[in-house]
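Heads up: the structure comes next, in structure tokens.
Please treat every number below as a calculation from the coordinates, not as lab data. Since the model is a prediction, treat every value here as computed from it, not as a measurement.
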Amino acid sequence: MTDALRGAYRVMRTIRAVEDRVGSGAPGEEALAVGVCLHLDGRDAIAGTHRRHGQRIAKGADVRGVMAEAGKHRPAAADALGGVPLLICGAAIAAKQHDTGGVGVAFLGDGPTTTLEALNLASAWHLPAIFVTENPGYADRVAGLDVPAVVVDGSDFFAVHEAAGEAVCRARGGGGPTLIEAGFPRHVGDCLQRFRARVTDSGELREQVLDAIDAEVARLVEDSVVAPEPAPADLGTGVYITY
């Protein structure tokens, strides 16, 4: 268990360091990304906004590759999020047809307009899909769609991990889609500090172990910032990556 906790903290700390370095994302969301993605493997697909590097890192993308991509492909002014929920429905359909046991996870961010349509489709076809939204109210709105919904504190790694584990298990077992509504209460503080407090108070990990991880991650991220500015002719290459 301590190895799993060290691994979870390392990925969350890495996400925070990368997001701070490239100036994107929001503190606290690393707990949501890691809490969900620790249940996923190579059979599974995720989709979300291109500004959330943490989701890709949590799924296993190489940090150096993410940093290089962040420097090369500047975020566009408008986010093409509308297709994310339906894209994940497509991944879930493929997993169901090929009987891989895979699931599709959509990180919805600000809530694309196609979310309810995708939820309706996933419910009607009993797809192995999980929709993770930060918008309040979605859990109430899916009551008529026969989609189980759970509301969690998105900055609480342990709460997210438990909810996501149940959703992934349900999806893999043929139970259909789940909606996870993740809120980020302002009063709860930093998710990394909350994690540290819980595991050190319980005696599962020592402060020195976590401090060592902090230092290792800081070196990794700094070593990853080595890519030169790309030439104009190279801006359209390397858009897709498999992880």
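Observations
- Convex hull of Cα atoms in the range 2-188, direction-averaged projection (nm²): 10.4
- For D44, the residues whose amide H sits under 5 Å from its own are V103, ignoring neighbours fewer than 5 places away on the same chain, with H placed 1.01 Å from N.
- For the pair D146 and A233 in one chain, pulling the backbone fully straight at 0.36 nm per residue adds 26.4 nm over the alpha carbon distance.
- Rounded, prolate or oblate (a/c below 1.5 giving rounded, otherwise prolate when a/b exceeds b/c) for the range 100-222 by Cα gyration tensor: prolate
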